[in-house]
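The values are calculated or read from the model by the stated rules, or taken from the named source; none is laboratory data. What you see is a predicted model, and the numbers here were worked out from it, not measured in a lab. Here the Cβ positions follow ideal geometry from the backbone for every residue, glycine too, while neighbour counts run over all protein chains shown.
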Amino acid sequence: MIAALRGKVVYVGEKEVLLETSAGITFSLKVPLSGAVSVGDEVRFHVHTIFNQQNGFELYGFLDTGQLNVFRSLLEVPGIGPAMALRILQELTLNDLATAVRTGNVSILKRVKGLGTKKAEMVIFALKDAPLPEIPEDEGISEALQVLSKLGMDYTKARKLVKEAIRKGVSGVEDLIKYALKENLKGN
């Protein structure tokens, strides 16, 4: 079993990253938030390996052990497979997921495409005793996301654009909102 891989990112797709190791072997990893890495980055992924008859071995990569552990906990929920577990981690922050589980807030989980009320309730029930990390989100980020959501922007897209803005050095609530709105208009 592969526990971790370190190497250079040679391709970034929507949900996939190609990672070339120092031995010259390139691995395909299914990852949440592929936008968190860029081509050329030297990174280490914690890996969860799944084997199935149809696709053979599939590698799921996570930048931190908190995401890996939550992914594994999600796989234990009846009706949640690797694709849905990955989608949950793609569309929600660990802080959002922890908040949903601790408060029993189904609506947070229902933001995930394909996750209805019953499955969201199952996730909350199954993860109640799971070790969910406490990741405080910067107050400015939370405020920017709330404003963007109130303006009608999809929460997942807003979060992605705000994170992108931060990576580019944008700071301050107003500037984060302006950047996200500007980039959203470009995309439409």
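Before we move on, is ASP96 surrounded by 20 or more Cβ atoms within 10 Å (Cβ to Cβ), outside the structural domain of VAL47 (by TED's automatic domain parsing) and under 19 Å from the mean Cα position of the chain (by Cα)?
Spelling it out, ASP96 is indeed surrounded by 20 or more Cβ atoms within 10 Å (Cβ to Cβ), outside the structural domain of VAL47 (by TED's automatic domain parsing) and under 19 Å from the mean Cα position of the chain (by Cα).
Considering each residue of region 76-93, count those that are aliphatic (A, V, I, L, M), assigned to a helix (DSSP H, G or I) and buried (at least 16 other Cβ atoms within 10 Å of the Cβ), and give that number. Steps first, answer last, please.
Step one: list which residues in region 76-93 are aliphatic (A, V, I, L, M), which gives 77, 80, 83-86, 88-89, 92.
So of that shortlist, the ones also assigned to a helix (DSSP H, G or I) come out as 83-86, 88-89.
Right, trim to buried (at least 16 other Cβ atoms within 10 Å of the Cβ) and you get 84-86, 88-89.
Total satisfying the criteria: 5.
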Selection from region 36-67 of residues part of a loop (DSSP other than H, G, I, E, B) and over 25 Å from ILE166 (Cβ atoms) yields GLN53, GLN54, ASN55
